[in-house]
Amino acid sequence: MEQTLDGRVVLVTGGSRGLGREMVLAFAAAGADAVIASRKLDGCVALADEVKNLYGRRALPVACNVSDWAQCDGLIETAYAEFGRVDVLVNNAGMSLLYPSLNQVSEELFDKVIAVNLKGPFRLAAAIGARMAAAGSGSIINISSVEAVRPEPLAVPYAAAKAGLNALTAGLAQTYGPSVRVNTIQCGPFETDIAKAWPEGLRAELVRHNALGRVGEPRDVVGAALYFATDASAFCTGATLALDGGWR
């Protein structure tokens, strides 16, 4: 089945860089208009201009901190005011903060990680999913992590949030089916901004755990994202796709 998004509107959080940027460009190349959301507006504006210049598609940059419920609601209203619809939602924004030891994790750090990785995606998916169901179609893609099922000591709050996101996928698929599909891309280690904070030696350790012998490049997410966004996955919902290079 052809992977086309002609005439559709895609909203991507954390959309200005890393995996989000690659997905926005791929969706635009497939014919979609885009809502690009991130905390920093400048990056969203720059990518929106690139989308317009490369593909002639409409692109709306929106500053949004998804950890804030009200800002999520504002993002939704802005998207619908501009396009009148959202056909694909990608909950890509994420955050993993380092800490010296688990018992030294502060309440502020814990709340921030849960808010960005779980609370924001819940609000966006619940609200947009209801609108998609009323309109008769839609696809929601949650970007999770291998940490959700194989948590490491350096990322326990993040792992808990992503495990919650996996559960959210299953629940939303049942809630908004049959007209709305909800799926998860469960990523392994990727060469994104998070990688800049990896402790010394972690990259080599990650590669040793990986059957493909490397960490992922942002462009590696594109095939999975297009599959779930388009009608190619018309009979797929509530699924979790491991995109981790053969993690073992």
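Every number in this text was worked out from the coordinates using simple rules, so none of it is lab data. The model shown is predicted, which means the values in this text are computed figures rather than measured ones. All Cβ positions, even for glycine, are placed from backbone atoms using ideal geometry, and neighbour counts span all protein chains on display.
In whole angstrom, how far apart do the alpha carbon centroids of the stretch 98-116 and the stretch 204-248 sit?
Measuring centre to centre over Cα atoms gives 27 Å.
Compute the angle between helix 18-29 and the longest alpha-carbon principal axis of the chain, please, reported from 0 to 90 degrees and rounded to the nearest 10.
20 degrees
What is the distance in Å between the Cα centres of the stretch 133-157 and the stretch 65-87?
Taking the Cα centre of each part, the stretch 133-157 and the stretch 65-87 sit 19 Å apart.
Can you count the Lys pairs in the chain with C-alpha separation below 24 Å, eight or more apart or on different chains?
9
Take each of the peptides 109-117, 21-29, average the number of other beta-carbon atoms within 10 Å over its residues, and list them starting from the highest.
Descending packing order for the listed peptides: 21-29, 109-117.
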